[in-house]
Every structure is written in C-alpha cells, then in structure tokens.
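Worksheet: one structure, shown below.
The values are calculated or read from the model by the stated rules, or taken from the named source; none is laboratory data. Remember, predicted model here, so these are calculated numbers, not experimental data. Virtual Cβ from ideal backbone geometry, glycine too; neighbours counted across all protein chains shown.
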Amino acid sequence: MTNTAKKLAPELNFEAAMDRLEAIVEQMESGKMMLEELIVRYEEGMKLVKICQERLANAEQRIEIITRDHAGKPVVKEFEPKADATPAAASQEQGEIANDEVSLF
C-alpha cells in the first residue's frame, strides 16, 4: 500500500472500505496481475478487512434497541450481543464441527 493509502485507510468509512475491497477482489480474480502486485493487493485487502471489522464492532456497540414496556411506551435499551457470539463460543462450535469431520488419512 502506498503512503497515501496508509494515511487514508484509518479515515475510510465502512462503505468506502468495502467498495475498495470489492475492487481489489475483482482485480485479483482477473488473473492479469503479476505475483508481486497480487501480494501488495492482498496486504491492502487484509488491512481493509480489519478496518471493516473495527467499524462493525463500533457500530454494534452503539446500537440501541427500542422496545415497548408493559404500558406500551417506548423504552430504549442497550444492545447486548448474544452470549454464543463470543469468541470462546465460536471456537467451541468450530471444535465440535472439527470433531464431526472424517479424515481420509
């Protein structure tokens, strides 16, 4: 990634990062890039993925759920992610999936 791109990356919003990431994937899938350029684009893409993940995590923390109380009045509650969406639960699920796989060797 160029110095200009490195400076702009933290300032990218989610949509701009996704658009750039999609463009990189299209370029890489074209089959017309040299190996060195593929590596540079891959590295840029991984940085963009990280930016997107950070933006999504920040958005998740800011989400508020509007519900109604027993009287029908709107009540704002903080969003709480599901307990099974934690990394520990995800790794446990992956472990269970891995145990179900059959090895041919």
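Taking first residues from the stretch 58-74 that are touching a residue at least 12 places away in the same chain (Cβ under 8 Å) and partners that are assigned to a helix (DSSP H, G or I), the Cβ contacts under 8 Å between residues at least 6 apart in sequence or on separate chains come to Ala59/Phe14. The set of residues in the stretch 37-66 being within 10 Å of the chain's Cα centre (by Cα) and surrounded by 14 or more Cβ atoms within 10 Å (Cβ to Cβ) consists of Leu48, Ile51, Cys52, Arg55.
Pairing residues of the stretch 5-21 that are modelled with pLDDT of 75 or more and outside any helix (DSSP H, G or I) with residues that are of a type outside the set (Ser, Thr, Tyr) and surrounded by 13 or more Cβ atoms within 10 Å (Cβ to Cβ), at Cβ distances under 8 Å and at least 6 apart in sequence or on separate chains, gives Leu12/Arg20; Leu12/Leu48; Leu12/Ile51; Asn13/Arg55.
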